[in-house]
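Student: Before I ask anything, here is the structure I am working with.
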Amino acid sequence: METIWSIIGRKLEGDISPEEEQALNEWINISTTNKQVYFQIKELWYHKQDQTNNSQAIAAYDKLINRIKFAEVAQSQTRVQQISFRINQFVKYAAILFFILSFGYLSYYFIDAESTNNEFCTISVPKGNKSEVILSDGSKIWLNNNSKLVYPKKFNAKERRIELIGEAYFEIEKNEKVPFIVQTSDISIKVMGTKFNVSAYANDKFIEATLISGKVMVQSNDNPEIETVLKPGESLTFDKVNNQSAVNDVDTEFYTYWMKGEFVFKDERFEILAKRIERIYNVEITFEDEALKDKTYTGDFKVDDNIYTILEIFKRSTKVPIDYTTDRNKITIRRK
Amino acid sequence: MDNSQHIELLSKKISQNSDQQAFKELYLVYFDRLYKFAFSILHSSEFAEEAVNDVFLNIWQKRSSLKNIESLKNYLFISTKNTSFNYLSKFRKERNTTLDDVLVRFEIDELTPETAFFTAEIRKEIEQAINQLPPKTKLVFQMAKVEGLKYKEIAQILDISVNTIDNHIATAIKKLCVTLKNISPEEINLILFQLFTKLRKKTSTIGQNN
């Protein structure tokens, strides 16, 4: 149905037929009110509000350029890490191949039998990535970003020992006779068959072992005779500086969100959060004001959220107003 | 400058030569309109700016495939719409945001005194009238009026038919007419006076504008 309203609309848009133009003119000439109203609408419409605020656009453009540089630096770093990982793999396989070829078929058999005890695999996950491993005994391990796992290709009959730097979640196949041992820089976690999470990053002050189900024993590498037994829902925090450990009841859900690509925290200190953000987004965060490190936050993000979204949310949600500046992959947080 | 040949040239320079100057020009041509479009959906200047920058970051990173995009202008608006919707979903913790979930607020910009055509009270009444309309109608009206988009372009961006756009605009215009007709005669006289002085000014500067 052709109404005068849609004709006016099309006139303003600039796509009107001669017949419609005719109808519009007739309508305008019916009364002074029509005329007035038409001119007002036209005025309102063409007042496009387009006095472009150029300074806002230019300021926004500068931010964009910063982000582009930022993204390029982050990308190239990940690439370098991935390439070096591939080279390592390549060198390893080349060495094995060389070994096999030079010693011949028979000696290969001999070496293979011997090497089951000492042939190790290493998996390194760069910042901003995750990985999943299934071991020869069927145990499953999820490796978080910036983490490294060393494990034997085949476990021996006495124990299943692996080494971890970083964070991982474990689902260990039950085997009462052969304990599974996660060795970190300062503590070792001994289990029979269970689900648990271990966070042992080299530059964190604490190592944390959290038990979801089953039973684990934790021992310090220096004093292996002292064992702490964890029950499900308990988390052991080991302070690397003063060699003290403490056991707390925790909500274990918070320790497994990372596997789903979520970043969830409750009353967590800003300093700890900054460390996690650094690992997820491959950035460096510094605090201009030390006191800000102790502010606590509760919240959740998706890991695929843009880092700027996260910084903006921090900026808005804090009781103490904060602000940040970015320079490539360096972020500085200050009091506003 | 928003003529399609010029935009095509910029797009070519960006995709073939990674020309940053052309990229900046493209940004400055569209920033204002994309920003206002995002703002009408997000109601936050920071997030509207962020959304526009997300779109342009993506353009820069995928610049080599720019030549496959038929209309860069439509692409920019569609990406801004999608990005803004994603932000909304995130805030509301919902999986998807559709056109029906968007709350659009219509506002007339503050004008400088000499170009002010509508008094503050009339502006307020117009804003109120438009804001009573359904969100979709408001968004379409905003896109046609503020962003200066053609019905065809709006149809592609919002993925609805040109006919529907026509109806939305007609609804908005009707509402405006009714509102303006109800304004008291003294105010109308004032408007008429301003209108004629303005028209005279306009006729005298037309030569320069075109």
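Throughout, read-outs are computed from the coordinates displayed, never taken from laboratory work. These numbers were taken from a predicted model, which means no experiment stands behind them. All Cβ positions, glycine included, derive from the backbone under ideal geometry; neighbour counts span all protein chains shown.
Student: Which links in A:69/A:205; A:140/A:231; B:36/B:152; A:275/B:24; A:42/B:150; A:148/A:215 stretch past 26 Å when you go from one Cα to the other?
Tutor: Those over the limit are A:69/A:205; A:275/B:24.
Student: Enter the Cα centre distance for the pair segment B:10-25 and segment B:46-87, rounded to the nearest angstrom.
Tutor: Segment B:10-25 and segment B:46-87 have Cα centres spaced 15 Å from each other.
Student: Give the average, rounded to an integer, of partner chain Cβ atoms located within 10 angstrom of each Cβ in B:58-66.
Tutor: The shielding value for this peptide is 1.
Student: Is segment A:116-255 rounded, prolate or oblate when judged by the Cα gyration tensor, a ≥ b ≥ c being the square roots of its eigenvalues, rounded requiring a/c under 1.5 and prolate requiring a/b larger than b/c?
Tutor: rounded
Student: Arranged from highest to lowest average of other beta-carbon atoms within 10 Å per residue, in what order do the peptides B:141-149, A:12-20, B:12-20, B:160-168 appear?
Tutor: Result, highest mean Cβ count within 10 Å first: B:141-149, B:160-168, B:12-20, A:12-20.
Student: Show me A:192-201, A:323-332 ranked by packing, highest mean number of other Cβ atoms within 10 Å first.
Tutor: Order by mean packing, descending: A:192-201, A:323-332.
Student: While we're here: Counting other beta carbons within 10 Å of each residue's own, what order do B:140, A:191 fall into, fewest first?
Tutor: A:191, B:140
Student: Hey, got the average number of other protein chain Cβ atoms within 10 angstrom for residues in A:320-333?
Tutor: 0
Student: What span do the alpha-carbon atoms of segment A:230-311 cover on each of the three principal axes, reported in whole Å from largest to smallest?
Tutor: 39, 31, 20
Student: Okay, moving on. Averaged over A:55-63, how many beta carbons belonging to a partner chain fall within 10 Å of each residue's beta carbon?
Tutor: 5
Student: Tally Lys/Arg at +1 and Asp/Glu at -1 over every other residue whose Cβ is under 15 Å from the Cβ of residue A:220; what's the total?
Tutor: Residues near residue A:220 contribute -4 overall.
Student: A further question follows. Mind ordering A:230-239, B:42-51 by average Cβ neighbours within 10 Å, highest first?
Tutor: Ranking, from highest mean packing down: B:42-51, A:230-239.
Student: Beyond a 23 Å Cα-Cα separation, which of these cross-linked pairs lie in this structure: B:73/B:138; A:127/A:158; A:127/A:330?
Tutor: Pairs exceeding the cut-off: A:127/A:158.
Student: Calculate the dipole size of segment A:116-255 relative to its Cα centre from +1 charges on Lys and Arg beta carbons and -1 charges on Asp and Glu beta carbons; express the result in debye to the nearest 20.
Tutor: Dipole about the Cα centre, nearest 20: 500 debye.
Student: Also: Using Cα positions and a limit of under 16 Å, work out the lysines in reach of residue A:315, with same-chain residues fewer than 8 apart set aside.
Tutor: A:293, A:295, A:336
Student: Please give me the summed charge of the neighbours of residue A:142: other residues whose Cβ is under 12 Å from its Cβ, Lys and Arg +1, Asp and Glu -1.
Tutor: +1
Student: With an 8 Å Cα cut-off and a minimum separation of 6 or more residues, compute the relative contact order for segment A:261-335 in percent.
Tutor: Reported relative contact order: 39 percent.
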